[in-house]
1. Can you tell me which residue in segment 74-89 is farthest from Glu60 (Cα to Cα), limited to those that are part of a loop (DSSP other than H, G, I, E, B) and open to solvent by less than 40 Å² (accessible area, probe 1.4 Å)?
2. With the structure loaded, tell me whether Trp55 is open to solvent by 60 Å² or more (accessible area, probe 1.4 Å) and over 24 Å from Leu17 (Cα atoms) or whether it fails that test.
3. Would a scan of segment 13-29 turn up a residue that is at positive phi and either modelled with pLDDT under 95 or small (Gly, Ala, Ser) (or both)?
4. Which one is least open to solvent (accessible area, probe 1.4 Å) among residues in segment 60-73 that are within 18 Å of Gly90 (Cα to Cα) and free of Cβ contacts under 8 Å to residues at least 24 places away in the same chain?
5. Going by what's in this entry, would Thr69 be described as in a helix (DSSP H, G or I) and among the hydroxyl-bearing types (Ser, Thr, Tyr)?
6. With the requirement that a residue be in contact with a Ser or Thr (Cβ under 9 Å, 6 or more places away or on another chain) and aliphatic (A, V, I, L, M), what does segment 71-98 give you?
Amino acid sequence: LQTLVHADADVKRFPELVTAWKTGNTERFYAIVGAYDHEAPSITWRFVDRRNRIWIPKIETAIKDGKPTMLVVSARHVCGPHNVIDLLRGRGYKIEQL
């Protein structure tokens, strides 16, 4: 519903979103994609925050296993509050943005 309601504004902001993504500016990226989170907080919790918290033990298991592992998540999971990066940093991991 958010996609339909805000389609016109989102189309206009798309170049700005792409620039934020390409430059690794997670704060700006979240300012754009998270702008409507307050309209449906339960959706954000279910599809972003909850998933991030569920993933952390699985990511830690992969890290501790020692095998080379690649994690692929949407950009939304590495920005904003309760993001995967901050959750891992909170557990003492050093995260470097490439």
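1. First, pick out the residues of segment 74-89 that are part of a loop (DSSP other than H, G, I, E, B): 74, 79-83.
Restricting the remaining residues to those that are open to solvent by less than 40 Å² (accessible area, probe 1.4 Å) gives 79-80, 83.
Numbers: Cys79: 19, Gly80: 21, Asn83: 15 Å.
My answer is Gly80.
2. yes
3. Within segment 13-29, one or more residues are at positive phi and either modelled with pLDDT under 95 or small (Gly, Ala, Ser) (or both).
4. Initial filter on segment 60-73 (within 18 Å of Gly90 (Cα to Cα)): 60-64.
Subsequent filtering for residues that are free of Cβ contacts under 8 Å to residues at least 24 places away in the same chain retains 61-62, 64.
Details: Thr61: 94, Ala62: 28, Lys64: 154 Å².
Of everything passing the filter in segment 60-73, Ala62 is least open to solvent (accessible area, probe 1.4 Å).
5. Numbers: in a helix (DSSP H, G or I): no; among the hydroxyl-bearing types (Ser, Thr, Tyr): yes.
Against the criterion (in a helix (DSSP H, G or I) and among the hydroxyl-bearing types (Ser, Thr, Tyr)), Thr69 does not qualify.
6. Residues satisfying the conditions are Ala75, Val78, Ile85.
Per-residue answers, yes or no, for (1) closer than 30 Å to Arg91 by Cα; (2) without any contact (Cβ under 8 Å) to a residue 40 or more places away in the chain; (3) among the polar types (S, T, N, Q); (4) open to solvent by 40 Å² or more (accessible area, probe 1.4 Å):
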residue	(1), (2), (3), (4)
His6	no, yes, no, no
Asp10	no, yes, no, yes
Phe14	no, yes, no, yes
Ala35	yes, yes, no, no
Glu39	no, yes, no, yes
Ser42	yes, yes, yes, yes
Val48	yes, yes, no, no
Arg51	yes, yes, no, yes
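Rundown of residues vs (1) in contact with a strand residue (DSSP E or B) (Cβ under 8 Å, 6 or more places away or on another chain); (2) in a loop (DSSP other than H, G, I, E, B); (3) of a type in the set (D, E, K, R), yes/no style:
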position	(1), (2), (3)
Thr3	no, no, no
Ala9	no, no, no
Glu16	no, no, yes
Phe29	no, no, no
Ala35	no, yes, no
Ser42	no, no, no
Ile54	no, no, no
Glu96	no, yes, yes
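The values are calculated or read from the model by the stated rules, or taken from the named source; none is laboratory data. For clarity, every value in this text was computed on a predicted model and none was experimentally measured. Note that we place each Cβ from the backbone using ideal geometry, even for glycine, and neighbour counts take in every protein chain shown. Just so you know, the surface numbers come from the protein's heavy atoms only, side chains and all, with ligands and any DNA or RNA stripped out. Shrake-Rupley method; radii C 1.70, N 1.55, O 1.52, S 1.80 Å.
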